[in-house]
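What follows is a short report on a single structure.
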Amino acid sequence: METTEKKSSNIFQKMFNITIVLLVVVAIVVGINIATSGKLTLFAGTRPDNLGVYSGRLAPCPSSPNCVSSYSQDAQHGIASLGYNSDPKTAIANLKQIIESIPRTNIVKEEENYLYAEFTSKIMGYVDDVEFYVDEDANAIQVRSASRLGEGDLGVNRERVETIREKLNEQKTK
């Protein structure tokens, strides 16, 4: 007859072995992912199909708290638009220069009054879709930054937009 101590030791050993097996499986999946694509894309997600300017606006944020937009009115999603004091073409060029200076970014689409870039997180490879629209009627650059996966973003999208705002303001004062 096994003692209670021996039973709990056996349960602990089984749990430990299962944990090791799971870690090995995850390591193999991540290794295959990196080997086949050259980078970690396991958490990249799929590019949304609602990106772009439609009826003079960027898409609204989803209900999840991993998106900010200058069109949103609620505190969770709302963020101020970006200012500019040049023509739209120069404003887009300035944005492009700032975005290209940020590590792990890929500018996907650039038009006269629109810029779309993907930002990839360093460790896990999460991708955020960030759009800028020079709204001449409002004399502002409208912005939308959203995570593709997950529910929350730990404030990364808001922080990114505020960093870009700071860099734009530095350019204005030069």
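The values are calculated or read from the model by the stated rules, or taken from the named source; none is laboratory data. As the structure is a computational prediction, the values presented were derived from the model and not from experiment. Neighbour counts are summed over all protein chains in view; Cβ atoms, including those assigned to glycine, are modelled from backbone coordinates with ideal geometry. Protein only, heavy atoms only, side chains kept; ligands, DNA and RNA dropped before computing areas. Shrake-Rupley method; radii C 1.70, N 1.55, O 1.52, S 1.80 Å.
Quick notes on this one:
- Residue match in the stretch 3-14 (condition: part of a loop (DSSP other than H, G, I, E, B), loosely packed, with under 10 Cβ neighbours inside 10 Å and at pLDDT 80 or above): no
- Residues located in the stretch 129-155, provided they are open to solvent by less than 10 Å² (accessible area, probe 1.4 Å) and among the hydroxyl-bearing types (Ser, Thr, Tyr): SER145
- Filter pass, PHE132 being among the aromatic types (Phe, Trp, Tyr), within 16 Å of LEU168 (Cα to Cα) and touching a helix residue (DSSP H, G or I) at 6+ places or on another chain (Cβ under 8 Å): yes
- Each residue in the stretch 109-128 was checked for being buried (at least 16 other Cβ atoms within 10 Å of the Cβ), in a strand (DSSP E or B) and under 17 Å from the mean Cα position of the chain (by Cα), and 8 of them qualify.
- The requirement of being open to solvent by 50 Å² or more (accessible area, probe 1.4 Å) and part of a loop (DSSP other than H, G, I, E, B) is satisfied by GLN76.
- Screening ASN85, ASN94 for residues that are more than 19 Å from the chain's Cα centre (by Cα), on the phi < 0 side of the Ramachandran plot and open to solvent by less than 80 Å² (accessible area, probe 1.4 Å) leaves exactly one candidate, ASN94.
- Residue satisfying condition, being closer than 24 Å to GLU170 by Cβ, modelled with pLDDT under 90 and either touching a helix residue (DSSP H, G or I) at 6+ places or on another chain (Cβ under 6 Å) or not in a helix (DSSP H, G or I) (or both), within set ASN85, ASN94, ASN106: ASN85
- Filtered residue count, the stretch 30-46, keeping only those that are at pLDDT 65 or above and surrounded by 13 or more Cβ atoms within 10 Å (Cβ to Cβ): 4
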